Each structure stands twice: as C-alpha cells, then as structure tokens.
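Single-structure report; data block below.
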C-alpha cells in the first residue's frame, strides 16, 4: 500500500519515521539518563531517578512498538482508508507530542529555536515538518 503514497510521504513514513523511532528506542534503552537529560535544552541537568529511568525505557519500548505497527500497516494494507486512518492517528499523536514538548519548554524557550538541542529539534522541528508535508500532499 505504501507504494500508492506520493514519494515524499512514502519515504517519510516507510524509511525516515521508522529510523527515527528506532533511534529513539536505542537512545532511551542504551542510556536512559542521557535520554532524559536531553528532553529539554537545559545547561543544568538533575540526575535521573530510578523512576524516570524506567519511564524512559518504557517510552523507548513504545517507540519500537510504533515502528513495528507503522511498518506492518504500511507494508500489508492494500486499503487507502486503513493507511489514511493510520496517518490520522499519527497526526493526532504528534499534536499531543508537540503540545507536551512546548508546555515543558515554556513560551520563552519555544520562541528561541537557536537555543534548542538536537532532541528538541527532533521533537518539534521534525514533527512540524511532518504536519506540513501531510498538509501539502493532501493526505
């Protein structure tokens, strides 16, 4: 089914998105304290608690699950309605992802992208670019 998508969304959702999700999984599992510290572009970082490490690893596991589900839906479904429904679900999830990231950053830091770290650029920049692409491609 993914072959019926326009080129840019097809590459984004069958290659770039899964790679991004696997990278998030690896970061959260391999070094959860680093993963936690990178969520906000702060100079002063508090040590990660055992509780937050478990949460980061659980989030990493969810990233891997999302990768598997996305690849399964896009590789096996021959119905455009299923693919569109999957993309709408991703879009809705990304709205929450953006909202919670921006809420944690606060208005002042959201408006200072030159101060963002790589994780913030991924959380906001990549997500916004997917919104734009979906809108432009009319998905």
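Throughout, read-outs are computed from the coordinates displayed, never taken from laboratory work. Computed from a predicted structure; not experimentally measured. Note that each Cβ is placed from the backbone with ideal geometry, even for glycine, and that neighbours are counted across all protein chains shown.
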If I ask for residues that are closer than 25 Å to residue 108 by Cα and loosely packed, with under 13 Cβ neighbours inside 10 Å, which ones from the stretch 43-71 would you list?
43, 44, 46, 47
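Kindly indicate which of 12, 76 is touching a residue at least 24 places away in the same chain (Cβ under 8 Å) and over 19 Å from residue 125 (Cβ atoms).
Working: 12 fails: over 19 Å from residue 125 (Cβ atoms).
That would be 76, the only listed residue that is touching a residue at least 24 places away in the same chain (Cβ under 8 Å) and over 19 Å from residue 125 (Cβ atoms).
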Tell me which of these residue 56 doesn't satisfy, since it passes every other one: (1) more than 27 Å from residue 114 (Cα to Cα); (2) in contact with a helix residue (DSSP H, G or I) (Cβ under 8 Å, 6 or more places away or on another chain).
(1)
